[in-house]
Structure formats: structure tokens, C-alpha cells
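Written out below as C-alpha cells is the structure these notes cover.
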Amino acid sequence: MYVDIISRLMAEAGHEVTVFVRDSKDSEERVNERLTYIRFEASGSKSEAYRRMGYWAALSYQYYEVVRAYARRMGEPDIIETQDYNAPAYYIIQYKLLEREFLKDARIVVHLHTPTYELARINREAEYAFPTYWIGRMEKFCIDGADALVTQSEFLKENVRRDFPDKEITVIRLPYEYKDGAIRYECGDYLLYTGRLEYRKGIMQFIDQMALLWEGGNRTKLVALGGDTYFSPKDKNLGEILKEKNCRWIEEGLLEFKDTVPPDEFNQIVARARGIVIPSIYENFPYTCVISMWQGCPMLVSKQGGQSEMVGGDESRGIVFDWDKEGDCAEKIEKFLSLSEEKLRKMGEQGRTYIRELCAADQNVEARETFFEEVRKRPSRKDFPVLNVRKATELPENVQKGEKGLLSIIICYYNLGDTIMETMESLMQIDYGRYETIIINDGSTDKKSLEKLEEIKEKYPEVRIESIPNGGLANARNVGSRLAKGEYISFLDADDRVAPDYYKRCIEVLEQYENVSFVYSWLQYFEGSDGVWITFNTELPYMLMGNMLSAFAVVRKADFISFGQNRKAMEYGMEDYDGWLGMVQNGRNGVCIPEPLCYYRVRKESMTRVMSNGARMYLYKTLEEKHKELYEEYGGDVYNLVNANGPGYLWWNQTWPNEFCGTHANSENQSVQMKNKLMKIASSKRGKRLINLFFKLKLDKLF
């Protein structure tokens, strides 16, 4: 309703407005000379994102693709306004920050309606389970990365500021169009609840309070009008729970549930009620309250939301009760029901007059025009948004920062003669001009591999080759970083490749943001797999359980030397993960370019594939010991993430439910399917090992 109303109002006020919305098919509708609707099919046939990510993350990526294509064709907008819920602007904001020319002069406004991370908490959902947890992180990134924030109520403003205490949030009420001949209040004999049957909407709690009155002999009927929602703690729809619990009152005709109805019928039902109930335990600025007050209906509402800001506390426009005061709801229901028809009509008329002024269309447009003009004047941000940012540790005084602008590409080489030339050829294609290549020969013994080094000396004389006794990958990387002359360093395995523009794009980000220490991209697998590793900006606490990048990252040499060098204790693997954690712990932040710009060869004999469970457990224990401060600080989050999603080494993509745990299985049938899936792979060597781990961790109780 908001999008429909405000888009038409702004167009009528002379502004060019384009609305982007997912749909079942692509279309472009020119509503009038200033208003256009762009509808796009949200599916894997239109965007590869759906094959790589969960639905909401993929939809966000497709929004970016659609908006970018439109901006190239029609020109970039002055303002992009987007909702917070499920983070549709995540990739639009990410690319705006990563690329200097994309949306350079545009400003992004996040309109706070109610984010998923708040809804999940209030509705008692498994808020740490994937993908819900990560959707919440994406929403918070959008809030932090936006140029401006706007919302409808002081209530939501204060609740969002619990997580963002320093953020400026502007409150502009929702607009409403008042039509002549609207249906008016008739003062019927029932109370009406309008809204979804959702836990946070307070309907369950309100029925309990009505039941107390019904037990005492009160015969006032309650009608609940709206669709149903799933209630996670009971693994059922809330409507089913309410009907089972309150079958007595339904049979006695004191409680009625009605499905959603067309607008005209809805208005009739509203007008015939004795009063409208909005009992939410958490709410923003509900249109149901705006519409009901416009029709002259007296209101009975909770304090916990913007509805109380409409009704006020003096009881002239309705009565407000406080869920935080025991017994207050039942007391206020009785008080409301004791009011005469004359008093109720007076309440309704006063509410109608007030809401018309509060949400008047002309005033709303003027307020938004003023707000948008102010936002357009704001300078572009100088830092990159980082959630749970840590204070940066000072660099040691004697650390070498390297030659300004020079990139040192370090290739660690051990018996990889079959693939090294392919790696070298990919480097010859890169479009960053100032770089050096250093090959650290880690004691290769294979004849072909040694011959390839001689071939490289002849074919690429500018390449430095340093031979050292075999000491393992961690040691080779550390040696290479110390030998590097550049301001930036990047590691490249001798069997992998990079896209021509990878290094250039990474360095552009590092040059733009002082608070970014390393930049990387998605990984494209080849040879043994054709998948893509999707990842995100480094972020705590997630990174304590799952690595978020490969060793391909372009990193400031001084930061790596000081905080990220690989430890020999990690000789069985994860040495780069350990180094990145060290950097994050010291306030060095990583940023991801969301495209597969690096190519990772999947080999049967790679360290990751041949790693034993014993080695894996040793490495995770070592990580915790070496980064104890971080694990202690985020112990509660780690506990909840593991309970919700299983151990971190089973995580793959946080935008999907983790297929190896059952937090996302909301029915018995889904749990059985998950069990069958695990049993199906149990016959393989890897499968047996996986099932054994589940039993060892007592995760077998899941089924």
C-alpha cells in the first residue's frame, strides 16, 4: 500500500518515479508520463544467482542486476528508496561501495518497516539458523551502509537504534489517500482484530485476556480477520494453535476467525465493529490503524508500536494498554467495553480528524521532498561499513609498508609442474600494470617441476624464483611476504588462475577505503568441480566458525606481516584461515567482490580433500587457542550458531538452510526426508565419516 500510494503521490508532484518489483514475468508498464513499473521474473531462468544462493540473497542480487541494467539504459537515479525487510538492496549497496562510477551521485535510503532480524527475535523463531541469521546480517549491512534511514514510528526508530545507536533516523509518517464517500463507523457489537495471525501481532495474548472476561460472563465477540503464519516453537500455523486452544469460545460464538477479504468487504467489516483492536507486542506504524481511524472507528491498542503514537495516551481517540504492566490489557478491555455509543463515536471522530492531519498526502510529500533534498547533499561515505567492527591495533613502528601501488604476487610452488605454466599464462593477461611475481620453490623434488622452473626463467626473466628447503605452505607464504617489495601482496597457488581484472578491482577498493585491509572475490571451481563458492565481507561472529575467503586475497603487506602471517602449527591446513582471523581480531577488515574472479582447481590430492578428522579437530582447537579473546567474546553467538546449524566445517552457504541439521525442517515429513538424505550418502567413505561425526557430537538425536 505504501509503495502504491507514495509512488503516485510523488509522480503527481512532478517527480520521475520508477518502481522495481518481482513478479511472475518481465514487464514494463508506463502508468503515466512520470510513473513506471518495472516487473521482473524472479527465477533461475533470469539470473544465475538462484543457482548459487538461497532465495532472498539471490533476489537481492537480481535486484542489483535489474537496477543496473535500467540505470545504463535510462540514466542513474538521484534517490533509491528500498525496504529493510530481507535486504533487497544488499548487492546494490555493495556494488555502489565497490565501484567508484556505479551510482556515484545517487543516494540510497533504507526505509525501515521492520527487519527480519527483529521479526525472528520477537516471533521466537530460530534466529541463528541459516538462512534467517544471514538475512539479518544482510539487513544490518544495508542499514549501516545506507546514505540515510527513514521510518514511520518513534517506536521502531528507538528499537533499531539498539543496534545502531549513532545512526540518524528520520521519522515520516505513512501517507494515506482519503477518498470521498468512504464507509463510516456504525458502532456494532463485536471487537475486530485485523492483521495476520502472527505471534508478534499479539493476537494469541489478546485472546487469552478476552478469555478471562468470557469466563467472567462477558459476551462481547472477538472477530480475527487476516491470514495465517507459521509459529516455529510449536511447529504449526498459529491459527491452528489458536483454534485448538479456544474451541470452546468458537463453539459459543464468542470467537470467530475470518480469512482475508477484498477491500470493500474489509471496510464494511471494520465499520460495523464496536472497536478495532491492535494488540501487537512489537509493531511499526500499521496501515490497519490508519484506515480504521479514518473511518471513524475507536481504537483499543497496545503501547508497543506506532499505533499508540496515532491513538495517544489521553483516551480522546482510543484507549492504549501496556503489555509490560500485568493485568493492564484486561482492565483496558473492560474500560473500553463500558463506554457508551456516544463516547465511542466521539472517540472515533476525534481520531479521524487527527489521523487525517497526521498522514495527509500533501504534507507527506512535502516532508519527503525536504528529506530527499537534504540526503542528496550528503557527501559519499569515506569508510566501508563493517558490522561488529573491532578497534584497529597500531602497526609496529618498524614494519615495512612496501612500495606505493606495487602489487607482489607470491606463488608457492611444490611439485606442481603439470599446472604452473597455466597459472603463469593467466598472470600475463592481468590488466594491473605495476606488479612483480615471486615464485617460492618450497623444495620441489619432482623432475618435471624443476624443469618447469628453468623454463619459466627463460620465458619470464622478470619473475623472481626463490628456492628454499621444504617447510610447508605456511612457511613458504611467510617467506614470500617478507621478500615482497609491494604495498600489496597476494598469494596464488601454482595450479590456480585469476581473471584479468581481479587485481585491479581489488586494489581500487583498497585505495578507496583506509579501513579495508584485504579484498577478495567469489571462487569459481574447475577441473574437479564446476561450482562457485559464494562468500561475503568478513564478519564476526560468523567467521569464528567458517572461513570467508581463500588465500587469493589482495592484502596490505604491512597488515599481513603484522597480524596475518601463517603459523607453522597449522601445518595440516587452514593456515590462511588462521591468518585472516588474526587480521580481523586486530581490526583489519576484508571485503568481497561478489563475482567469481578467481579460479580454484579442485584436485583429489589437495590438502583439504585428504584432511583427516583428527587433523581437522586439532586445527579447530588450535584456532580457538590462538584467538581465545575472540571466541570468549562471542561465545554465546558461537553456541547458538552451532546449535542451529551444526559444526562450522559442515557449513557451505549461509544463504541456504544447512542440509546437515534440522533447524529449518518445520514438519515431520521434512525431518524424515533429511534423515533419508543422510542415510543415502552413508555408504560412501566420506558419508560414513560424516555420520560418525554426527553420532560423536550427539547430533543423531536430531532425528
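The values are calculated or read from the model by the stated rules, or taken from the named source; none is laboratory data. No experiment lies behind these values; they were computed from the predicted model shown. Every residue, glycine among them, receives a Cβ derived from its backbone with ideal geometry; neighbour counts consider all protein chains shown. Accessible surface is based on the protein model in full, side chains and every heavy atom, while ligands, DNA and RNA are left aside. Shrake-Rupley method; radii C 1.70, N 1.55, O 1.52, S 1.80 Å.
Where only DSSP H runs of four or more residues are counted, the chain gives -12000 deg cm²/dmol as its mean residue ellipticity at 222 nm, each run worth -39500 (n - 2.57).
Can you tell me the FRET efficiency between Lys459 and Val602 if r is taken as the Cβ-Cβ distance and R0 is 22 Å, rounded to the nearest 0.05? That pair, Lys459 with Val602, gives E of 0.20. Here the range 1-142 has 46 percent of its accessible surface on carbon and sulfur atoms, given a 1.4 Å probe and all protein chains in place. Here the spin labels are modelled as points 7 Å beyond Cα on the Cα-Cβ line, and at Glu629 and Trp652 they lie 3.6 nm apart. Shape verdict for the range 438-503, please, from the Cα gyration tensor: rounded (a/c under 1.5), prolate (a/b greater than b/c) or oblate. Oblate shape, in that a/c is at least 1.5 and b/c is the bigger or equal ratio.
Using only the C-alpha atoms, the convex hull of the range 298-383 corresponds to 105 Å³ per residue.
Scaling the Cα radius of gyration of the range 48-157 by the globular reference 2.2 N^0.38 Å produces a ratio of 1.10.
Straightening the chain between Glu422 and Val31 buys 135.3 nm, computed as 0.36 nm per residue apart minus the Cα-Cα spacing.
With protein chains left intact and a 1.4 Å probe, residues in the chain average 45 Å² of accessible area per residue.
Estimated at 0.36 nm per residue, the fully extended path between Lys325 and Asn643 surpasses their Cα-Cα distance by 111.1 nm.
The heavy atoms of Cys412 present about 10 square angstrom of accessible area, all protein chains included, probe 1.4 Å. Specify which labelled value, from (i) 98, 63, 55; (ii) 98, 59, 49; (iii) 70, 62, 52, agrees with Cα extents along the principal axes in Å derived from the coordinates of the model shown. Among (i) 98, 63, 55; (ii) 98, 59, 49; (iii) 70, 62, 52, the one calculated here is (ii).
A straight chain from Leu450 to Glu315 at 0.36 nm per residue would run longer than the Cα-Cα distance by 39.8 nm. The shape of the range 472-539 comes out oblate: with a ≥ b ≥ c from the C-alpha gyration tensor, a/c is at least 1.5 while a/b does not beat b/c.
For Lys346, a cut-off of 14 angstrom between C-alpha atoms picks up these aspartates and glutamates, skipping any fewer than 8 places away in its own chain: Glu186, Asp314, Glu315. By accessible area, using a 1.4 Å probe on protein heavy atoms only, the range 531-639 has 51% of its surface on carbon and sulfur. Kindly flag which residue pairs out of Lys96/Lys201; Lys140/Lys221; Lys382/Lys404; Lys243/Lys332 have an alpha-carbon separation exceeding 31 Å in this structure. Result: Lys96/Lys201; Lys140/Lys221 exceed 31 Å. Given axes a ≥ b ≥ c from the Cα gyration tensor, I'd like to know whether the range 94-158 is rounded (a/c under 1.5), prolate (a/b larger than b/c) or oblate. It is oblate, given that a/c is not under 1.5 and a/b is not larger than b/c. Rounded to the nearest 20, the size of the Cβ-charge dipole of the range 23-73 about its Cα centre is 160 debye, with Lys and Arg at +1 and Asp and Glu at -1.
Of the heavy-atom accessible surface of the range 349-427 (probe 1.4 angstrom), what whole percent is carbon and sulfur? In the range 349-427, the share of accessible area belonging to carbon and sulfur is 47 percent.
In summary, the aspartates and glutamates within cross-link reach of Lys447, defined as a Cα separation below 14 angstrom excluding same-chain residues under 8 places away, comprise Asp418, Glu455. Packing here is the average count of other Cβ atoms within 10 Å per residue, and on that basis the peptides 305-316, 93-104, highest first, run 305-316, 93-104.
Taking all protein chains together and rolling a 1.4 Å probe, Val389 ends up with roughly 90 Å² accessible.
Give the Debye-formula value of log10 I(q)/I(0) at each listed q (0.13, 0.19, 0.20 Å⁻¹), with one equal scatterer per alpha carbon of the range 417-542, two decimals each. Here log10 of I(q) over I(0) equals -0.64, -1.30, -1.40. Taking the inverse of the mean 1/r over every pair of distinct Cα atoms in the range 1-92 gives a Kirkwood hydrodynamic radius of 13.9 Å.
Note on the range 557-608: along the principal axes its Cα atoms extend 35, 31, 16 Å, ordered by decreasing extent. Take every Cα pair under 8 Å whose residues are at least 6 apart in sequence, average their separation, divide by the length of the chain, and the relative contact order is 11 percent. So if we plug the beta-carbon distance of Ile250 and Met617 into 1/(1 + (r/R0)^6) with R0 = 51 Å, what FRET efficiency do we get, rounded to 0.05? Calculated transfer efficiency: 0.40. Among Val516, Val638, the sequence by solvent-accessible area, most first, with a 1.4 Å probe is Val638, Val516.
Sorted largest first, the principal axis extents computed over the alpha-carbon atoms of the range 157-245 equal 50, 45, 24 Å.
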